[in-house]
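Computed from the coordinates by the stated procedures, all read-outs in this text should not be read as laboratory data. Predicted model, so just to flag it, every value in this text is computed and none were measured. We place every Cβ from the backbone using ideal geometry, glycine too, and count neighbours over all the protein chains shown.
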Amino acid sequence: MNEPDQENQHAPLSYHGALRIVWLVFLLMVIWLILRALQPVILLFALVFLLAMVLNPIVAWLQKHHIPRFVSVILLMLALVAVTTTIVVYAIPPLTRQTQELVRSAPSVWQSIRLRIESLTQNYPEVREALPRTDEIAGKAGVAAGTLGNFLLRSTIGFVGGVASFVFAILLLVFVLGNPRPLVAAYLALAPDRYREQAHRTLARLMRQMTAWARGVAINGVITGLSIGVLLWLIGVQPALMFGVFAFLGEFLPNIGAFLVSIPILLVALSLGATKFWLALAVIVLVYQIELNVLVPGVLGKEMRLHPVNILFFTLATATMFGLLGVFLAVPAAALVQIMIDEFYLQPRKPDYAALDREAAALVEGKK
């Protein structure tokens, strides 16, 4: 570095320099306000692009077997419609019946839970002092249910949840899968020439990870849903089918899915008696422990190298920004940020990961 450059580094901030900073801050604020106003649109496009990444390998496989790409996309869409129709025809009616039965039995379920709590507090006075009264519990449960209902309503009946948005999303997915080259070329064109290779690797790695993630989560969801549904049916906790479906969908909500699934199961089991409650709790612990220690490492493998803390942060962030549907973007967002940091910052520096791991171990273990 020559001497004039060194002098410029230590020069005081000029009026024009301060004005540029003010304009930059103002521009960032305007961009942030625009993004907040377009949250439903951003969520819709993000979900469509994520689904396109997951489905693109299937379209590419059909192309290799001499089927034109657009025809492959149409065949894939027809297959998805057929699967969805089959689920609606055969699974929705019994699921609806069980949901209605659960709603009708909700007062008796709560009354049974209330009697058991009162019996527990009579036998153990110290528990009575620690727990709020059942009326207070009912009030808090009602408020929580109302809040959850409003949250789900905003997430499902808003822009993304409407019928028009669904149709638009299907059309957008067809166009993205039918001709993705201009979109990929535009993405690569945005990157400066010196970062073109990193941009290419970032997209390639993200597509591989999203495909592995979707495949692994779907497999885990089927196994977990079937396990919970069958085991709950065996111990007599109904509606077992609905709880199995909840367990399957909960796999797509990282970290919080298992918690949300467990609450209604344990409440219904508690209304049936202490034995049912402990059996249902044992089922939940058994299934999710097997999933955590066997299914997740075995199915997902080492492809998704994401720390649970990172996933939890992005789960809360995407839920705050986009609502319940935004949680589906938690793992993709975490993977994208991690890949970008690795490609654009860590790899150019070529850090010694073995030495960093030893230093981290020394700090954690309290060594100097």
- Note on the structure: Given 256-264, 310-318, the highest-first ranking by average Cβ count within 10 Å works out to 310-318, 256-264
- Query: Which value in nm describes the separation of the simple spin-label points at I31 and T320, placed 7 Å from the Cα toward the beta carbon?
  - Reply: 2.0
- Query: If you stretched the chain out fully between L24 and A82, how much longer would it get, using 0.36 nm times the residue separation minus the C-alpha to C-alpha distance?
  - Reply: 15.8 nm
- Message: Highest mean first, how do 220-229, 26-35 rank when packing is the count of other Cβ atoms within 10 Å averaged over residues?
- Response: 220-229, 26-35
- Task: Would you kindly state how much longer the chain becomes between Q347 and Q111 on full extension, computed as 0.36 nm times their sequence separation minus their alpha carbon distance, in nm to one decimal?
- Result: 78.9 nm
- Sorted peptide list for 204-215, 59-70, criterion being average Cβ within 10 angstrom, highest first: 204-215, 59-70
